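The values are calculated or read from the model by the stated rules, or taken from the named source; none is laboratory data. Note that the coordinates shown come from a computational prediction; the quantities given were computed from them, not determined experimentally. Because the Cβ atoms are built from the backbone with ideal geometry, glycine has one as well, and the counts that use them run over all protein chains shown.
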Amino acid sequence: MERERKGQYFIVKPFALIMTIIVIFVLFYFLQTFRYSTTKDAIALDTIVDTTNVLSILTNSEDCIAYNPLELGVYGSIVAVDKLDNFEKRFKHVEPECARNYLSGWHAEVEDLMTGETWTFGAPTYKKEIASRVLDLRKISTMPIAIRYSAMKVNPGRIHVEMFSGDLERITGLIDYVCMAGTRSYAKFSDERTLNIDHPITVSNNTVCLVLGKDKVCRDLYCDTVFEGVSVPGEYKIVATYMYAADKVVVGI
């Protein structure tokens, strides 16, 4: 009897150990999944907030496309048609400084609901097949606005903003941030980010491009920039420095 009990003990003990390991593994898996889900939800919420902020700034700031609120006495998401014309000409491949987000990019489209006329500006959009390969997040928001042509003509309209984040947005965001901080402070300014780059990055004539085989997505920079780009995917510490004397940004890896 005693030998049988010992035999059972030695059989049960390894079995219990295996079950314990399985339980721990399952708990660890669910914990990691929960953490990933929580982080993803938090990032998604931040993107929604950022998109809402861009919409609000664009339609209510005189530095952007809002019509002069002092003349009306109130803010009312009324945009000026002359500012829309100006933004479409000046900001074909980059967001205007008045509503720049230095971690994400955005593209705006304004439509006159009576005439069908549209204005677009901001960072270039991604094709669907490319977006699924290179973007971490993508959020689209729309809100109604009024488009003022004159004191006698104000048409109903809507503004459509698409916000997105990927390698191209993070690199150009760093460079533009350093550029604006340096020019505003009238001094040399430097900042850095450690980024995981998944695709080659090329720079030419102050335009940064993400290269995806035969496809390419590009956007302009605020400052003259010296940067050799990234030819091999990997983790890089990217240091951008605004050189006040030369009025340019120098980027090193």
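Here are the numbers for the structure shown:
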| read-out | value |
| --- | --- |
| Scan of the stretch 114-146 for residues that are in a loop (DSSP other than H, G, I, E, B) and surrounded by fewer than 14 Cβ atoms within 10 Å (Cβ to Cβ), ordered by number | Met114, Thr115, Gly116, Lys127 |
| Residue list for the stretch 189-240, restricted to those being outside any strand (DSSP E or B), out of contact with any Pro (no Cβ under 6 Å at 6 or more places or on another chain) and without any contact (Cβ under 8 Å) to a residue 40 or more places away in the chain | Pro200, Asn205, Asn206, Gly213, Lys214, Asp224, Glu228, Gly229, Val232, Pro233 |
| Some residue of the stretch 74-81 being closer than 21 Å to Ile197 by Cβ and surrounded by fewer than 18 Cβ atoms within 10 Å (Cβ to Cβ) | no |
| Subset of the stretch 81-113 [in a helix (DSSP H, G or I) and not hydrophobic (A, V, I, L, M, F, W, C)] | Asp82, Lys83, Asp85, Asn86, Glu88, Lys89, Arg90, Glu97 |
| Hey, Leu168 out of contact with any Ser or Thr (no Cβ under 8 Å at 6 or more places or on another chain), surrounded by 14 or more Cβ atoms within 10 Å (Cβ to Cβ) and either of a type outside the set (A, V, I, L, M, F, W, C) or assigned to a strand (DSSP E or B) (or both) or not | no |
| Verdict on Met152 being under 29 Å from Ala80 (Cα atoms), in the same structural domain as Asn196 (by TED's automatic domain parsing) and of a type in the set (A, V, I, L, M) | no |
